[in-house]
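Peer 1: I have a structure I would like to understand better, so I am pasting it below and will then ask my questions one at a time.
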Amino acid sequence: MIDINIMSDASEIIKYDNIEVPLAIQSRRLSSYRDMRALCHWHKDIECIHILEGEMNYDVNGEVMLLQAGDTVIVNSSQLHFGYANEQRECRFLCVIFHPSLLSANDFLYQKYVEPVLGNKSIPCWYLPTSHEQAKAAHVIFERIRHHKESMQSSGEFCIIGDIMELWSLVYQCSESIPDSSADQANEEIRLQKKMVSF
């Protein structure tokens, strides 16, 4: 059984693959979780779920979407989220979690392309169903990440960070036209939700 370790404020304790690199990549099945559902949690890291087979319901800040094979959801930093089985159906998925600091090789680029997206409370997540124009590009990136993880080549981590940079370029393109119109209200709603979950 997979258990998510969370703190009293419902924030998840992320177990990175290498403690020196804030990155975790796992292929998982929903049946590995108790009752085929993860605990509701949040963290500063970006969480990417790419469905390989089957389907699952995925909840981000109370908004539920049905993810099916080929779909991807990328959860923004500090958002409440969890996945659970749709009518007890099995789901195999790739989970990629990375801290935003992996995108901070250059201060100017980080301030221009990363901070505005992380800080936009109008964007709790990016949902890329297979019909979405960026979904095919995301699928190729996740297949490369999986290959680099499984091949155990000496430069694998570096290749994966390159893949994550490319993925963030897609995220930025999907975010450019979304104004941060209700940041104060969104912050308060998420703060209250986290308080309820931790209670």
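The values are calculated or read from the model by the stated rules, or taken from the named source; none is laboratory data. Since we're looking at a predicted model, the values are computed, not measured. Cβ atoms come from the backbone with ideal geometry, glycine included; neighbour counts cover every protein chain shown. Note: areas computed on protein heavy atoms with side chains; ligands, DNA, RNA excluded. Shrake-Rupley method; radii C 1.70, N 1.55, O 1.52, S 1.80 Å.
Peer 1: Once the other residues with Cβ under 9 Å from the Cβ of Met65 are scored (Lys, Arg +1; Asp, Glu -1), what is the net sum?
Peer 2: -3
Peer 1: Let me ask something else. Around Cys40, which amide H atoms from residues at least 5 apart in sequence, or from another chain, sit under 5 Å from its own amide H, with H modelled in the peptide plane?
Peer 2: Here nothing satisfies the definition.
Peer 1: Considering only protein heavy atoms, what per residue accessible area in square angstrom results for the chain with a 1.4 angstrom probe?
Peer 2: Ligands and nucleic acids excluded, the result is 52 Å² per residue.
Peer 1: Another question, if that's okay. Would you list the membrane-span-like helices of the chain, meaning whole DSSP H runs whose alpha-carbon atoms span at least 18 Å along their axis and whose mean Kyte-Doolittle value is at least 0.0?
Peer 2: Result, helices passing both filters: 156-175.
Peer 1: Excluding residues fewer than 8 places away in the same chain, name every one of the aspartates and glutamates whose C-alpha is closer than 16 Å to that of Lys44.
Peer 2: Asp9, Glu12, Glu115
Peer 1: Only Lys, Arg, Asp and Glu count, each charged at its Cβ (+1, +1, -1, -1), so figure out the dipole size of the chain about its Cα centre, rounded to 20 debye.
Peer 2: Numbers: 17 positive and 28 negative charges, 64 e Å.
Once rounded to the nearest 20, the dipole reads 300 debye.
Peer 1: Can you give the calculated 222 nm mean residue ellipticity of the chain, where each DSSP H run of n ≥ 4 adds -39,500 (n - 2.57) and the sum is split over every residue, rounded to the nearest 500 deg cm²/dmol?
Peer 2: Helices in the chain give a 222 nm mean residue ellipticity of -9500 deg cm²/dmol.
Peer 1: A follow-up question, please. Quick one: with all protein chains in place, what share of the accessible area of the stretch 35-93 is carbon or sulfur, to the nearest percent (1.4 Å probe)? Spell out each step's value before the answer.
Peer 2: Details: 930 of 2070 Å².
With neighbouring chains kept in place, the figure for the stretch 35-93 is 45 percent.
Peer 1: Test of understanding: in a Gaussian network model of the chain with alpha carbons linked when under 10 Å, which of Lys149, Lys121, Lys112 would top the mean-square fluctuation ranking?
Peer 2: Its mean-square fluctuation being the largest, the pick is Lys112.
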